[in-house]
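Just below is one structure, and these are the notes that go with it.
The values are calculated or read from the model by the stated rules, or taken from the named source; none is laboratory data. What you see is a predicted model, and the numbers here were worked out from it, not measured in a lab. Glycine gets a Cβ as well: all are built from the backbone with ideal geometry, and neighbour counts include every protein chain shown. The area values use the complete protein model at the heavy-atom level, side chains included, leaving out ligands, DNA and RNA. Shrake-Rupley method; radii C 1.70, N 1.55, O 1.52, S 1.80 Å.
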Amino acid sequence: QVQFVESGGGLVQPGGSLKLSCEASGSILSFGAMAWYRQAPGKQRAWVALITKSGNLNYVDSVKGRFTIFRDSPKNTVYLQMNNLKPDDTGVYSCNAIPWINEAWGQGTQVTVSS
């Protein structure tokens, strides 16, 4: 059973940057797509960036132009480069496949954007 382990979160001021990492225990290319999900305070978890097996990218409108998802397939790792962070980006960031695998959720990594 695949597991995902996220890292790289932290406290950052508005306008700052963070790079998140997600290491999978198995091949990330075994999934049709991988995504970064965000659960903001008081809201449901939702994907914000995805990368398909073929390398196509997609983002929710609120992060377009600021976030970049990419992967290192030999390392079974997916990254999320986040620039120009805003307070609304605050939340717990997790990675998983699309559709997600319930048993594979990791602890996530907390991102807090605040001055």
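With the condition kept exactly as written, say whether any residue in region 8-28 is assigned to a helix (DSSP H, G or I) and farther than 22 Å from TYR59 by Cβ. No, that holds for no residue.
With the requirement that a residue be touching a Leu at 6+ places or on another chain (Cβ under 9 Å) and surrounded by 12 or more Cβ atoms within 10 Å (Cβ to Cβ), what does region 22-56 give you? Walk me through how you get there before you give the answer.
If we filter region 22-56 for residues that are touching a Leu at 6+ places or on another chain (Cβ under 9 Å), which is where we start, we get 22, 33-36, 48-51, 53, 56.
Those that are touching a Leu at 6+ places or on another chain (Cβ under 9 Å) and surrounded by 12 or more Cβ atoms within 10 Å (Cβ to Cβ): CYS22, ALA33, MET34, ALA35, TRP36, VAL48, ALA49, LEU50, ILE51, LYS53.
Quick check on my filter: what residues within region 57-80 are charged (D, E, K, R) and open to solvent by 30 Å² or more (accessible area, probe 1.4 Å)? Of everything in region 57-80, those that are charged (D, E, K, R) and open to solvent by 30 Å² or more (accessible area, probe 1.4 Å) turn out to be ASP61, LYS64, ARG71, ASP72, LYS75. So in region 92-109, with the set limited to residues that are part of a helix (DSSP H, G or I) and open to solvent by 40 Å² or more (accessible area, probe 1.4 Å), which one is nearest to ASN58 (Cα to Cα)? Result: ASN102. Restrict the check to region 31-39 and report whether at least one residue is over 14 Å from GLY108 (Cβ atoms), charged (D, E, K, R) and modelled with pLDDT of 95 or more. Looking through region 31-39, none of the residues is over 14 Å from GLY108 (Cβ atoms), charged (D, E, K, R) and modelled with pLDDT of 95 or more.
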